[in-house]
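This report refers to the structure that appears directly beneath it.
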Amino acid sequence: MTNLLYFQLGLPLALAHVIVALVACFLLINLIAVGALFFIWLERKVSGRIQDRLGPTRVGGKFGWLQTLADGLKLITKEDLMPKGADALLFRLAPYISFCASFCAFIALPFATGWVGLELNVAAFFVLAVLGLEVFGVILAGYSSASKWSLFGAMREAAQVVSYEVPLGMCVLVPVLIAGSMDLTKIGNLQAGWFTNWYIFHDPFTFVTFWVFFTCAVASVNRAPFDLAEAESELVAGFHTEYSGLRWSFFFMAEYGSMFLVSGLGTVLFFGGWNGPIPVADLLGLSASHSGVAFFIANLLGMTGFIFKSVILVTVMIWIRWTLPRLRIDQVITTCWKYCTPIAAVMFTGVVFWQALGIPSGGDLAPRLGRPAGASREGWLMPDAANPTVAQHGPAAHAATEAPTNTHTPTDPQTK
Amino acid sequence: MSWHALEFYFLALMACAFALAVVFAANVVRMAFYLILSLGATAGLFFLAGADFVGAMQLMMYVGGTLVLLVFGVMLTAQGPWVSIRTSGGEWVLAALVGGSLLAVLVPTAMRLDPAPNHEHAAVPGTAHKSENKAPDAKASTEPQTTRPTATRIGLGLIGAPTSGTSGYLLPFEAISIHLLVVLIGAAYLARPKRRARPKLVESDEA
Amino acid sequence: MPDLQTIGLSHYLIVGAIMFVCGAVCMATKRNALGVLMGIELVLNGANVNFVAFGSDFLRRNPAYGIGLDGQIIALFVIVLAAAEAAVALAIVLNFYNNHSTVDVDRADELKG
Amino acid sequence: MEASVLLPNLLLFAWLLPLASFALILFFGPRMGKAGKGASYVATGAILCSLVLSLSALMVWTGRHGVWFDEHESGSAHAKEGAHESSEKGEPVKTKHAKNEEAAAKNASKAAATTAGKNEYEGNWYNLVGFGKLKLSIGWYIDSLTVIMFVMVSIIASCIHFYSIGYMHDELHEVTDHEVTLADGHHLHRPGRFHRFFQYLSLFCFSMFGIVIAGNIAMVFVFWELVGICSYFLIGFYFERKSASTAANKAFIVNRVGDFGMIIGMCALFGALGTFSFGGKDGIFQQVRPGMVDGDEHGHALRVPDGMVVAAAEKSIAAGQTPDAKQISAWRNSGLGYGLLIVAGLGIFCGCMGKSAQFPLHVWLPDAMEGPTPVSALVHSATMVAAGVYLVGRFYPVFTPEVLLVIAIVGCITLFMAATIAITAVDIKRVLAYSTLSQLGYMMFALGVGGWVAGILHLITHAFFKSLLFMCSGSVIHAVHTNDMREMGGLRKKMPITAYTMLVGCLAIIGAGLPLVAGLSGYYSKDAILAQALLHRDYNKTFAALFYIAAGGAAITAFYMFRLWYMTFSGKPRNHHCYDHAHESPPVMWIPLVVLSFFAIFVATPSLSDFRNPASGPLVNMLEQARPPGTLAAQTGAWAKVTIPDEHGSHHHDYHVPAGLIAFCTAMSGLLLATAIYCWRLVKPEEVKQMFGPLYSFLWGKWWFDELYNLIFVRPVLAIGHAIAELDRLGIDGVINGSARAVMGFSNWFDAWIDRTFVDGSVNFMARKIFGLGLAMREIQTGRLRQYVVLIVVGTVALFLVATFAIAR
């Protein structure tokens, strides 16, 4: 799209970048907002079914789908309260920090080939890092509310999130290791073809890894049974006890946004991202070219599949929330350090050996469609050896290319 | 004023301003908050300098890990009088004098180094290389060299395989791993609950 | 005086210097142990900015000044060490707090001569 | 995969599994199951896996080299050489060789396809050390003999492991040893040592496999000693009993005597040849038999290696000069170096004498029966003592005819002496022990008279039936709790399986069979030995006595074996207490007996298509594949007038028919005599004893060997030792103690003065100064963190200023 604006329309590069960024932001914010609306409705319906009742039906529309909208209206019109002893600046800022962190992580999450806010080659890492920042919103909210319930919630959150980042990171490393890249687009594309190419079916270790990943993901977005930070039966409402109105709803937008984010991350890392179980677009020949309408349609199909898979994972999270009882804080920490982390470490080691020994993977079971054999190991090659064009920029070539661009000879800075 | 310079000034200003805010804030929680913003802006500066991996690392470890720990510590100890401890004016003056002299030494040195940076290709590094590769002007074809991804090369450097631009760092990497382990054990030991010979509590007191 | 239009090494070094000095002043003025800790973080971060700037192919004009990716790797090590240091320092502070019920570093002068 | 890769790997794991089991039991033994019962499962499992691996190796071997071929396929060169020699001599072996050549031609294509002329694999797993010429390595030398030994050892060891689970079950709990009486008059109570027994068994299996697979003589020696130490542990298993610990010591010390000779042999070999390894381009065999690999005009005839010639002619070589080939050849023709070869051969044989308990080092084996019976079955009948015979077989190419003659004579003496002692023995295990001695003598004898296959075949068949016999005796002992045959009798009704399996063992050991038709395994091996001995008699009239003694020994064997069987199982019970107590052993003990009796019957059975030819069996054929070079031609000694005949000569009708008839007659006569005395009671044994009083007491005293050794070795050594001890105590200790006292006295005084004045003085001075300095310095340390920070920054700025303005200018 930058190309389009820059080359075809002739806009200045900086302006082109700005326009592209704005468009991407707009799309993403809408996605999060609409997603939150949908997920809140979904949660109500699912919990209703699980508790053997219908869920919202009264307010408008079939199946009560306007319920969330009505909630939103109510929240907007509510009075914005602040406790007396609160730290006003931090109290006001906290929800936005939370939301910003959740939103920023979406920047690097690809929805299909090339359909990503920022094509970052450390995307997986970036998503994890930014997701970790969400905790600051919670902590600051807890502190600045001047309420002991909030403070307790924030403390638990801090301990929990710092702990769960370790196994979560290890689990993310596993697909990264197989792909040889942290670029989420590349990881997704390496799983193109039939579903046997998905990394969850790559080998037994990755299969286990996914479940550990999912557990840690649930914990890191504070969903039940790990929702210690808000534990309504003990802490009233935890860190957001004192919040109301729109600020309160921002926390919830952030929570549902994060849920979708980790589900999307899991989908890209383990379920082939936008590459469906059956490579419809490949079979129809739509994705043969890398531009044009056919490719756009293929990408659209892929994105639909990606969102569908992510929503399924979100649904599983909702299902878990209404099924399992909340853990105690010590149980949460024990689960992390005594179970998730060692299992993740073992799985990581196992995958290392699986890759290093060249044992056949799940992808070897089915014909590889849209992926050359052995492509999954290309990232393992030394960069200079793998790509001759890059190799030109080695130390020797470096000086050669650099010399002509130098207008004057290098001088010692001390002489000036 | 290029786009790159604008971004830099914005982030640099943010980093420095919030660093100053850390110095002048009295409330320790506010200090932590400003520190987060300062360090986050620094991560942005890293991205801007083409160090994408280090930037992500800064976010992950520093902002996401270290500072959470700090804030955690703040909350554990932030009770009443200890939230803000005032420092005497004399000390402020002394610190300002010393800090000012240090700054006076450092800044001119920094300015003398590489006085006329000459890069015509002020593209945004670390992002969307493809578009630059196809750019019509010939200068842009040398661009990927400065902006090519660093993660793989850093990884290879850490496992001791020197590539262009890195040396082998296997030994420091191992040393730092051991160091981390020792630190974790040590921290856990230091912060362990002390077993004091406490008088046995009466049941009713417990309840 | 560095060029204001194009960003080079000096700009980063100045930012690094300011952060470093802020950190040092913070360490010198804060009586709260955690404030001192934050000063240390700032100092380390200022140093890191320098490392990354020197290591960046993008900023320097003359390859003879650069240290290549080594700078970034050292920055990584600094980040990791800072995390380790924070963990230990936090443990020390908590211990100090447990024993003295304060986090004022001026009270921590039991080892004075 | 290639056999050259598969075989070493299969056998490596077969070899190392017992070691793993040993290590496991060593570390976790007492915690394995209840009272260490799990140890037996670990050890048995390990040896069973070894068995499976050995059988796989056997399959690999037969797949590559065949087994049902005619005996000469493995090397047509052997046949050619044999034909060449026989035509020269004009001996009656010609027809046989004609047939051989025919057979070789018939199967030539098959042989070329499968064996490709390579019948052994050798290589190294690991090089331990290399100093100049000296290379110590862990290597393999695998031929069909190795594979057969592996299978044999693992089968027998598996059976014995199973058997031991039942036999040793007493050790699972607290044991009261009735044979040990403590000072307070009570019997010894001790915890059971079940796991330790299996630990030793595993170590033993490991060591035995190590000997068999070893690729060089140094490695053989290491495992040789390991086998010795296992034997020491196992004989002394009940080490609280005086007799057991003495027997263990005796076995160990007597073996050392033999090993001393072995070291001499190794030194001779290494010093002259510069290598330890068997095979390979400059291995020992290749140097001694240069025709072995490259097939030059010497054929496989023995040739004194260059190294030995040079070593012997050392005086004639000027310093720094290397003799050329012609010179060496001239020296060799003048007989130089031959003596060194004999020394090497005799030295190695010395080691074998110790391990295989040959006269005069045989005294330890009967005493070794103090160990538990499974140990006797495994260690002192089937495997360890067979290791000596195995090594002689393995080293066969190196032995000159003179050495072989010594081997034959020693074997002959042993077989006769042991057989006669066995007549009078009354301890059931001792009878078997002497019988073992006698059979080992037979093996050595067979090897000594040129019957390589005969000797090794007897080694294999004997291993099966002797372990069977020992385990049967163990079963009996287990039932009646005594070793004394005079207490037994009539047990056949109580324990039929043991009785009949033991009968099978007895029939096998006496070589029972229909002459010229078929028989048990011992029939084939013993016939082969006697036929070879007969051939040897025809070549060397001087040593004709050897054949007659061996034939007579066969009669005695039959007599004492059936004496044993009748005394134990037939007639009326002599001790009713024992009899009533007796019962058949549990299945875990009798199933191995049945398995082993199967092998004792069929292991040497010839092929069904050529049933009349005793040399057509698969076992024999496989052994033929490992036949060492040079044994298919008669060879004559250079020093002694002795000719070692070609072994295939004895397969001829003229030899193996009379030999078979002689063996049958002698065995039958011995059996009939035993039956007459002990079954039909035609003559009372006591009367015979009265009649041959002095002879009886001579035999009862075991030819008074122990007394003799006591008189000529033990007593003088003890006397000398006492004298030296006295000298040490009075002379040397006195001087040392006196000087020590003097030095102590002086230093006590001097030390105190120096210490007070100089050492303490300087230390105290330093301490005072440093304390003062510390007092002064403490003022600098304020303990204020922020002050330090400011100082650091100030210092930095100052350094910077100094660096900029002072140094740069």
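Structure notes:
- Positions within region D:546-559 being in contact (Cβ under 8 Å) with a residue 60 or more places away in the chain and either surrounded by fewer than 23 Cβ atoms within 10 Å (Cβ to Cβ) or not small (Gly, Ala, Ser) (or both), in sequence order: D:546, D:549, D:551, D:552, D:555, D:556, D:557, D:559
- For region D:422-474, a tally of residues being surrounded by fewer than 24 Cβ atoms within 10 Å (Cβ to Cβ) and closer than 19 Å to residue D:548 by Cβ returns 1.
- Failed item, numbered, when residue D:541 is tested on (1) in contact (Cβ under 8 Å) with a residue 12 or more places away in the chain; (2) surrounded by fewer than 24 Cβ atoms within 10 Å (Cβ to Cβ): (1)
For (1) touching a residue at least 12 places away in the same chain (Cβ under 8 Å); (2) surrounded by 19 or more Cβ atoms within 10 Å (Cβ to Cβ), each residue gets a yes or a no:
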site	(1), (2)
A:303	yes, no
A:314	yes, yes
A:323	yes, no
A:326	yes, no
A:332	yes, yes
A:337	yes, no
A:342	no, no
A:347	yes, yes
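- Inter-residue pairs, beta-carbon under 9 Å, first in contact (Cβ under 8 Å) with a residue 60 or more places away in the chain and more than 7 Å from every other protein chain (Cβ to nearest Cβ) and in region C:30-57, second of a type in the set (S, T, N, Q) and not in a loop (DSSP other than H, G, I, E, B), 6+ apart: C:33/B:77
- The listed residue being at positive phi and either of a type in the set (A, V, I, L, M) or in the same structural domain as residue D:542 (by TED's automatic domain parsing) (or both), out of D:630, D:617: D:630
Here is a yes/no grid of residues against (1) in contact with a Pro (Cβ under 6 Å, 6 or more places away or on another chain); (2) in a loop (DSSP other than H, G, I, E, B); (3) within 14 Å of chain B (Cβ to nearest Cβ); (4) buried (at least 17 other Cβ atoms within 10 Å of the Cβ):
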{"position": "A:47", "(1), (2), (3), (4)": "no, no, no, no"}
{"position": "A:58", "(1), (2), (3), (4)": "no, yes, no, no"}
{"position": "A:79", "(1), (2), (3), (4)": "no, yes, no, no"}
{"position": "A:89", "(1), (2), (3), (4)": "no, no, yes, no"}
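- Out of A:101, A:36, sole residue that is within 14 Å of another protein chain (Cβ to nearest Cβ), of a type in the set (A, V, I, L, M) and buried (at least 19 other Cβ atoms within 10 Å of the Cβ): A:101
- When we screen D:743, D:759 for residues that are at pLDDT 90 or above and either surrounded by 11 or more Cβ atoms within 10 Å (Cβ to Cβ) or over 29 Å from residue D:490 (Cα atoms) (or both), the only hit is D:743.
- Scan of region A:117-144 for residues that are in a helix (DSSP H, G or I) and farther than 21 Å from residue A:231 by Cβ, ordered by number: A:123, A:124, A:125, A:126, A:127, A:128, A:129, A:130, A:131, A:132, A:133
- Residue within region A:107-117 that is over 13 Å from the mean Cα position of the chain (by Cα), crowded, with 21+ Cβ neighbours inside 10 Å, aromatic (Phe, Trp, Tyr) and more than 8 Å from every other protein chain (Cβ to nearest Cβ) present: no
- Residues that are among the β-branched types (Val, Ile, Thr) and either surrounded by fewer than 18 Cβ atoms within 10 Å (Cβ to Cβ) or assigned to a helix (DSSP H, G or I) (or both), drawn from region D:644-670: D:657, D:662, D:666
- Single match in D:226, D:203, D:145, D:234 (criterion: surrounded by fewer than 21 Cβ atoms within 10 Å (Cβ to Cβ), part of a helix (DSSP H, G or I) and touching a helix residue (DSSP H, G or I) at 6+ places or on another chain (Cβ under 7 Å)): D:226
- Residue within region D:541-555 that is assigned to a helix (DSSP H, G or I), out of contact with any Pro (no Cβ under 7 Å at 6 or more places or on another chain) and under 17 Å from residue D:428 (Cα atoms) present: no
- All of D:10, D:6, D:16, D:53 fail the test of being aliphatic (A, V, I, L, M), under 17 Å from residue D:140 (Cα atoms) and crowded, with 24+ Cβ neighbours inside 10 Å, apart from D:10.
- Of B:109, B:66, all but one fail to be surrounded by 20 or more Cβ atoms within 10 Å (Cβ to Cβ), at pLDDT below 85, of a type in the set (S, T, N, Q) and assigned to a helix (DSSP H, G or I); the exception is B:66.
- The single condition among (1) more than 7 Å from every other protein chain (Cβ to nearest Cβ); (2) at pLDDT below 90 that residue C:16 does not meet is (2).
- Per this entry, residue B:34 is counted among residues that are of a type in the set (Ser, Thr, Tyr), more than 8 Å from chain A (Cβ to nearest Cβ) and within 15 Å of the chain's Cα centre (by Cα).
- Candidate set: region C:71-97, residues that are of a type outside the set (A, V, I, L, M, F, W, C) and in contact with a Phe, Trp or Tyr (Cβ under 8 Å, 6 or more places away or on another chain); chosen: the one farthest from the other protein chains (Cβ to nearest Cβ): C:71
- Meets criteria (touching a Lys or Arg at 6+ places or on another chain (Cβ under 7 Å) and within 14 Å of chain C (Cβ to nearest Cβ)) for residue D:782: yes
The values are calculated or read from the model by the stated rules, or taken from the named source; none is laboratory data. None of these values were measured; they are calculated from a predicted model. A quick note on method: Cβ atoms are made from the backbone with ideal geometry, for glycine too, and the neighbour counts reach across all protein chains shown.
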